[in-house]
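Accompanying notes for the structure given below.
The values are calculated or read from the model by the stated rules, or taken from the named source; none is laboratory data. Please read all numbers here as calculations on a predicted model, not as lab measurements. Every residue, glycine among them, receives a Cβ derived from its backbone with ideal geometry; neighbour counts consider all protein chains shown. Remember, those area values only see protein heavy atoms, side chains included, never the ligands or the DNA or RNA. Shrake-Rupley method; radii C 1.70, N 1.55, O 1.52, S 1.80 Å.
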Amino acid sequence: DTAVSQTPKYLVTQMGNDKSIKCEQNLGHDTMYWYKQDSKKFLKIMFSYNNKELIINETVPNRFSPKSPDKAHLNLHINSLELGDSAVYFCASSQVGSGEQYFGPGTRLTVT
Amino acid sequence: AQSVTQPDIHITVSEGASLELRCNYSYGATPYLFWYVQSPGQGLQLLLKYFSGDTLVQGIKGFEAEFKRSQSSFNLRKPSVHWSDAAEYFCAGGGAQKLVFGQGTRLTINP
């Protein structure tokens, strides 16, 4: 029973394209996150949503737009992809106040 | 600003040997502290957490960690490592809504 799932697992695309990554959690959590892990494994938070409301936006370029249709889903849309966007993107979820985050398997995005 | 530092980028230990991975934090108050493990091509799995109370916390897979306020540290330990423990380990800290991750420590196990 997958707790936090992401699709797709791999995404290869060309510069300038627009792509989306989907995330779903079945843990009943009310807070969801997007993280970016670079080639050196450094993990940095991008966005956080609580009950569909944006609560953290860590100076991410406007080309990145998260969307939360309901509290179980948090999708990430990226416009005009650049080479520097190549990374592994992780979705995570937590129950508000717990601090304990559960991660999805990641989506490896490669921009050529 | 809060920060989490893992001083060791890469550690190699022999199978069966003991392990200690270091983590230091900088935070205004006592943060929530976590250790996560990431196997190659996988997501992050929570090993253990510290919120308050007993400063020695037990986690999954035989790991434990000790919170030392005086040293601002939260080191991860295991008495005897197994080959399957080879992975990337991340320390994280913060409040209820936002975590800051350390740079990670890659653990290699020698047979």
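Which whole-percent values make up P(r) of the range A:12-51 when all C-alpha to C-alpha distances are grouped in 5 Å steps starting at zero?
Result returned by the calculation: 6, 15, 19, 22, 23, 10, 5, 1.
Give the carbon-plus-sulfur fraction of the accessible surface of chain A in %, rounded to a whole number; probe 1.4 Å, heavy atoms of protein chains only.
For chain A, the apolar C and S fraction of the accessible surface comes to 50 percent.
Give the separation of the Cα centroids, the range B:1-57 to the range A:44-112, in Å.
Taking the Cα centre of each part, the range B:1-57 and the range A:44-112 sit 23 Å apart.
Mean 1/r over all different Cα pairs, inverted: what Kirkwood radius does the range A:4-111 give, in Å?
After inverting the pairwise mean of 1/r, the radius is 13.7 Å.
Where does the Debye-calculated log10 I(q)/I(0) of chain B sit at q = 0.12 Å⁻¹, using only Cα point scatterers of equal weight, no solvent?
-0.37
Solvent-accessible area of A:His73, probe 1.4 Å, all protein chains present, reported in Å² to the nearest ten, please.
50 Å²
What is the spread of the Cα atoms of the protein assembly as shown along each of their three principal axes, largest first, in whole Å?
Projected onto the principal axes, the Cα atoms of the protein assembly as shown cover 49, 38, 36 Å.
Would you mind calculating the relative contact order of chain B from Cα pairs under 8 angstrom and at least 6 residues apart, reporting the percent as a whole number?
38 percent
If you put +1 on each Lys and Arg Cβ and -1 on each Asp and Glu Cβ, how big is the dipole of the range A:21-112 around its Cα centre, in Debye rounded to 20?
In debye, rounded to 20, the range A:21-112 gives about 200.
State in Å² the accessible area per residue of the protein assembly as shown; use a 1.4 Å probe, count heavy atoms of protein chains only, and round to the nearest integer.
So the protein assembly as shown comes to 48 Å² accessible per residue, rounded to a whole number.
Describe numerically, in nm with one decimal, the distance between label points set 7 Å from Cα along Cα→Cβ at A:Glu82 and at A:Ser98.
The two pseudo-label positions are separated by 3.6 nm.
Among A:12-18, A:76-82, how do they line up by average Cβ neighbours within 10 Å per residue, starting with the highest?
Ranking, from highest mean packing down: A:76-82, A:12-18.
Any lysines with Cα under 20 Å of the A:Lys67 Cα? List them, leaving off those in the same chain fewer than 8 positions away.
A:Lys67 reaches A:Lys9, A:Lys19, A:Lys22, A:Lys36, A:Lys44, A:Lys52, B:Lys98.
Quick one: dipole size for the protein assembly as shown, taken about the Cα centre, charges +1 on Lys/Arg Cβ and -1 on Asp/Glu Cβ, in debye to the nearest 20.
Computed about the Cα centre, the dipole is about 240 debye.
When the accessible area of chain B is split by element with a 1.4 Å probe, what percent falls to carbon and sulfur?
Ligands and nucleic acids excluded, carbon and sulfur reach 49 percent.
Once the dipole of chain A is set up with Lys and Arg at +1 and Asp and Glu at -1 on Cβ about the Cα centre, which of A:Val12, A:Pro69, A:Tyr89 lies farthest towards its positive end?
Positive-end residue among those listed: A:Val12.
Check each of the trypsin sites (Lys or Arg not before Pro) in the range A:61-91 and keep only those in coil by DSSP with at most 15 other C-beta atoms within 10 angstrom; list them in order.
Taking the range A:61-91 and a limit of 15 other Cβ atoms within 10 Å, the loop trypsin sites (Lys or Arg not before Pro) found are A:Arg63.
Hey, what do the phi angles of the range B:73-88 turn into as Karplus ³J(HN,Hα) couplings, whole Hz, using 6.51/-1.76/1.60 and θ = phi - 60°, x for Gly and Pro?
Once rounded to whole Hz, the list reads 10, 8, 7, 9, 9, 8, x, 8, 8, 10, 4, 6, 7, 4, 4, 9.
Roughly how much accessible area, to the nearest 100 Å², goes out of reach of solvent when A and B pair up, both sides summed, probe 1.4 Å?
Heavy-atom accessible area buried at this interface is about 1700 Å².
Specify the residue with the greatest mean-square fluctuation among B:Gly62, B:Gly95, B:Gly41, computed from a Gaussian network of chain B linking alpha-carbon atoms under 10 Å apart.
B:Gly41
To the nearest 10 Å², what's B:Asp8's accessible area with a 1.4 Å probe?
Surface open to solvent at B:Asp8 totals about 40 Å².
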